[in-house]
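Working notes, structure below.
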Amino acid sequence: MDGFERRKQMKKQAIIHAGLELFQQNGIKNVSINEIATHANVSQVTIYNYFESKEKLQYEVLIQFIHEYWNEYKTLIDSNLSFTEKLRMVMFDKMEAASNIHTEFYAYLIDELSKNNSYLTKLYQKEIIPSVMELFNQGREAKEIEPNLNNEAIFFYMQMFTDYIRREDVISQALPLKEELTQIFFYGITGNKNRV
């Protein structure tokens, strides 16, 4: 890659990072191309030259966001932490970070994931779901998962739990109860730890 191409890629990344920061804080509609240009220290023309429209830029920003999140997740899955600690971090620590994301940006993410042919849907189906299943297999090998529960049922339960708890009206109530909710998630309301 020559110097010109390298500078072009650096500007493009600066624009994407500026867009990501602003979209997470303020939503998508409340952020103008001018604000992104100022934040990235480029001209509006540069943004339109690289991305053509705000819609294409917001999609590239979303791709960047997912890749950053996915890389953190892979690092966590490959770590030496216990299954329980990994799952706790996936469910609560990442959820706590997600609570700082503007609801409009989060809604855009969910909308893109619901499109059958989108890049994000393919990534979710080909990499993310298999990785979650691998996490469950790690838990099963460590005898931290009830042997008669299949991965799909655990995944479904985890999705129900995290989807509900990520709601804006719920997250502020859930975070102070993180330890108790973790206890209930892993051991049920009877607290029977011997069955894990």
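Residue ranges 61-72, 119-130, 16-27 sort as 16-27, 61-72, 119-130 when ordered by packing (mean number of other C-beta atoms within 10 Å per residue, highest first).
R0 = 25 Å: FRET efficiency of residue 32 with residue 103, Cβ-based, nearest 0.05? According to the calculation, E is roughly 0.85. The local environment of residue 26, defined by Cβ-Cβ distances under 12 Å, has a net charge of -2 under the rule Lys, Arg +1 and Asp, Glu -1. Within the same chain, lysines fewer than 8 places from residue 12 are excluded, and of the rest, those with a Cα less than 20 Å from its Cα are 54, 56. Residue separation of residue 163 and residue 114 scaled by 0.36 nm, minus their Cα-Cα distance, works out to 16.2 nm of gained length.
Read the figures in this text as sums done on the coordinates, not as results from a lab. Quick caveat: nothing in here was measured; it's all calculated off a predicted structure. A quick note on method: Cβ atoms are made from the backbone with ideal geometry, for glycine too, and the neighbour counts reach across all protein chains shown.
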